[in-house]
Amino acid sequence: MRPMERRLAAAGYRTLNLGYPARKADLAGCTEAIAPAVAAFASDCARLHVVTHSMGGLVARVLLGRHRPKNLGRVVMLGPPNQGSEVADALRRLTLYRRIFGPAGLELVTRRDAALEARLGVVDYPLGIIAGSRSFYLLASRLWLRGPNDGRVTVARTRLDGMADHRVLPVAHPTMMRAPRVQAETLRFLAEGRFGAGCTDA
């Protein structure tokens, strides 16, 4: 997220770029790990916006359900597996997948229990989602992902009920935060609560 952070800082935003211990904790544990830092940062802001990539979108959903700042502004998610990913379905039993993605990675499946769905909560805040439609992972795209996708999650599975706007751009999952168009549309949503009219959706 460094390229996105630099673009936001150049536009005048103060930034806090957080990682989370996905290899050691589930989504709830990741949330509790970052909650104190988010709260401290929010206490010194007039308005707190949130920008996430991939699994970070789910961590943010849990965070906003448990520890929502009173001064929450707008939220932008890049390539979030909001409805899970078929890649996680296919690989979750593999030791290598479990080692790399950890307990949180096991919660990226498309079939979730009621407890996890409850933790993820409902969207009652201004949310814009950018999905990618270009893949570097051609094998995954051909074997498991049906429809437009970014190599890790399909466009359809990024969507959420209650979102304010949704756009599809020709970017791949691991590099979308570097794309100038993604950065520009993120800034537009933070400022206006919507993406540009020239964006495409599918």
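Some points to look at:
- From the options Ser85, Ser141, Ser133, Ser54, residue that is touching a Ser or Thr at 6+ places or on another chain (Cβ under 6 Å) and of a type in the set (Ser, Thr, Tyr): Ser141
- Leu190 vs. criteria part of a helix (DSSP H, G or I) and over 30 Å from Asn71 (Cβ atoms): no
- Any hit, segment 158-174, residues being among the acidic types (Asp, Glu), in contact (Cβ under 8 Å) with a residue 60 or more places away in the chain and within 22 Å of Leu27 (Cβ to Cβ): no
- Gly56 vs. criteria within 19 Å of Arg119 (Cβ to Cβ) and surrounded by 14 or more Cβ atoms within 10 Å (Cβ to Cβ): yes
- Every residue from segment 153-199 that is hydroxyl-bearing (Ser, Thr, Tyr) and under 23 Å from Val123 (Cα atoms): Thr154, Thr158, Thr186
- The residue that is most open to solvent (accessible area, probe 1.4 Å), counting only those in segment 137-157 that are closer than 15 Å to Ser54 by Cβ and outside any loop (DSSP other than H, G, I, E, B), is Arg157.
- Taking segment 1-19 as the range and being free of Cβ contacts under 8 Å to residues at least 40 places away in the same chain and not small (Gly, Ala, Ser) as the test, the residues that pass are Arg2, Glu5, Arg6, Arg14, Thr15, Leu16, Asn17, Leu18.
- Of all the residues in segment 91-113, those that are open to solvent by 80 Å² or more (accessible area, probe 1.4 Å) and touching a residue at least 40 places away in the same chain (Cβ under 8 Å) number 1.
- Residue within segment 24-33 that is of a type outside the set (D, E, K, R) and modelled with pLDDT under 95 present: no
- The number of residues in segment 116-136 that are out of contact with any strand residue (DSSP E or B) (no Cβ under 8 Å at 6 or more places or on another chain), in contact (Cβ under 8 Å) with a residue 24 or more places away in the chain and open to solvent by 20 Å² or more (accessible area, probe 1.4 Å) comes to 7.
- Residue within segment 2-24 that is within 16 Å of the chain's Cα centre (by Cα), open to solvent by 60 Å² or more (accessible area, probe 1.4 Å) and of a type in the set (D, E, K, R) present: yes
The values are calculated or read from the model by the stated rules, or taken from the named source; none is laboratory data. In this text, all values refer to a predicted model and were calculated from it rather than measured experimentally. In this analysis, Cβ positions are derived from the backbone assuming ideal geometry, glycine residues included, and neighbour counts consider all displayed protein chains. Remember, those area values only see protein heavy atoms, side chains included, never the ligands or the DNA or RNA. Shrake-Rupley method; radii C 1.70, N 1.55, O 1.52, S 1.80 Å.
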